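Enquirer: I'd like to ask you about the structure that follows.
The values are calculated or read from the model by the stated rules, or taken from the named source; none is laboratory data. All values derive from a computational prediction rather than experimental measurement. Here the Cβ positions follow ideal geometry from the backbone for every residue, glycine too, while neighbour counts run over all protein chains shown. Quick note on the areas: whole protein, heavy atoms, side chains included, nothing else; ligands and nucleic acids left out. Shrake-Rupley method; radii C 1.70, N 1.55, O 1.52, S 1.80 Å.
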Amino acid sequence: MKAFVTSMQGRVFLVVIGGIVASALLTGALAALEGRRTFAQVRADHTADRVGQLVSALEAVPPEARPTLAAALGRGMTAQFGATDASLHENDAELTDALIDELGQDRRVTATAGTQADCAAQRGNNGEPRQSVTSSCRVISLTMRDGTPLRLVLRSQRDFSWSRPRSSRWVLYAIVLPLCLGLLAYVVARMATRPLGRLARAATALGGDINQPPLPESGPSEVRDAAAAFNVMQTRIRSYVEERTEMLGAIAHDLQTPLTRLRLRLEKVADEDLRDKLVADMAMMQGMIREGLDLATSLDTAGMTQRVDLDSLLSSVCADAVDTGQDVTLNGQTRVSILAHPIALQRCLANLVDNAVKYGGYARVTTAREGSKVVIRVRDGGPGIPEAQMEKAFDPFYRIETSRSRATGGTGLGLTIARNIARKHGGTLLLRNAPGGGLECTLTLPLND
């Protein structure tokens, strides 16, 4: 849940659904307010119409017959003839305006809120209990055309308010509406964030293989522009890597000829001791050139891959090391084959074994299949390395051995080349100090069936 909320998709989802809910609540509040106003206006017009009909009927009969007629016609109203309005309650402007429109501008008409006694008396006159008077009644004071004052007390009317739904359809609406809103918000959030996810996956894949196919330039204009910019960046990076590899290959190739001539001339040096030293230095230079070229090619993902029997390849690397007098053992089998660059993967494994023997005296290689991955561990008998230098050990030309002697320290490219090759195959290479002593290199490769 936390991952969803902190993601771009989750945030867009929350913003969209929050905006929709806020808009719905505001719309509902405005609709309720307008409903109250409309209901009050309709009720005032209806009351004014009833009062107008009653007044017209009373004015058409003699004064002595009016109380009887008022009792017969005034449903919900109590008529008091000759009474004056003593109510000091607030004036009901809306009902007053409706009465003036109904009875005419020449009449003196007022509508006010009735007192507690008025409301209780009105309920008693209609046969209702006088107790528990909770809603206010209305008192209308007017003068009939013959000058007789008339005071009408209207039955208490319920105020317009939200009422509890009486139909199961409201329950259905309460369930369906949030589901529809959630689905709409999810679709909008997915549409907005899907291009970002595709771009992120493409960037991740680019780190493992520079020859990934370009992104499709489709969708909204902003997405098309981002995809086009990414494709241009990928093309430039691929061009830079290819140019660097070609340049280093050309340099290494061009240096071989003068180095070979120089070595032939060194053979003619009369001093045998000096000649051996010069030849050793020459061999060192050639080895450094080869390793520099290997570093460049380890980053190049071009070339065809093929199925490689991992057990056979690992057995061959360990056997070659044993043939040269190194203390190397191999345990375990994976019984799998993977798509790989055979020469590059062989170089990666050979570097790990050589490093273990060079700095730890021996190499103990174990291999096993763990789920959808193959794990190869190479452990040595050395002192290990400080935790702070674990990651630095993969930096080019970085050597933990500080004497910088070729006999012990090498060029500092072995682990760098090995990790580059591992990443080129979609794998990882990690270092850790083994609990029983020594350094353990763990190479993990995916099973790309």
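Enquirer: Being within 37 Å of the chain's Cα centre (by Cα), part of a helix (DSSP H, G or I), surrounded by fewer than 16 Cβ atoms within 10 Å (Cβ to Cβ) and of a type in the set (Lys, Arg), is that true of even one residue in region 226-244?
Expert: yes
Enquirer: Hey, among the residues in region 39-80 that are open to solvent by less than 60 Å² (accessible area, probe 1.4 Å) and polar (S, T, N, Q), which one's farthest from Ala93 (Cα to Cα)?
Expert: Top of the filtered list is Thr78.
Enquirer: Looking at (1) over 27 Å from Val378 (Cβ atoms); (2) touching a Pro at 6+ places or on another chain (Cβ under 9 Å); (3) among the aliphatic types (A, V, I, L, M), find the lone condition where Met233 falls short.
Expert: Exception for Met233: condition (2).
Enquirer: Which of the residues that make up region 320-349 are small (Gly, Ala, Ser) and assigned to a strand (DSSP E or B)? Lay out the reasoning, then the answer.
Expert: So the first thing to find is which residues in region 320-349 are small (Gly, Ala, Ser), and the list is 321, 325, 332, 337, 340, 344.
Residues satisfying the conditions are Ser337, Ala340.
Enquirer: Quick check: anything in region 2-23 among the small types (Gly, Ala, Ser), at pLDDT below 85, part of a loop (DSSP other than H, G, I, E, B) and in contact with a Ser or Thr (Cβ under 9 Å, 6 or more places away or on another chain)?
Expert: Yes, that holds for at least one residue.
Enquirer: Another one. List every residue pair whose Cβ atoms sit under 6 Å apart, with the two residues 6 or more apart in sequence or on different chains, where the first one lies in region 425-442 and is surrounded by fewer than 17 Cβ atoms within 10 Å (Cβ to Cβ) and the second, anywhere, is acidic (Asp, Glu).
Expert: Once the first residue is surrounded by fewer than 17 Cβ atoms within 10 Å (Cβ to Cβ) and sits in region 425-442, its partners that are acidic (Asp, Glu) give Arg432/Glu440; Ala434/Glu440.
Every residue, every condition in (1) among the aromatic types (Phe, Trp, Tyr); (2) assigned to a loop (DSSP other than H, G, I, E, B); (3) at pLDDT below 85; (4) under 21 Å from Tyr362 (Cβ atoms), yes or no:
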{"position": "Phe397", "(1), (2), (3), (4)": "yes, yes, yes, no"}
{"position": "Gly409", "(1), (2), (3), (4)": "no, yes, yes, yes"}
{"position": "Thr416", "(1), (2), (3), (4)": "no, no, no, no"}
{"position": "Gly436", "(1), (2), (3), (4)": "no, yes, yes, yes"}
{"position": "Thr444", "(1), (2), (3), (4)": "no, no, no, no"}
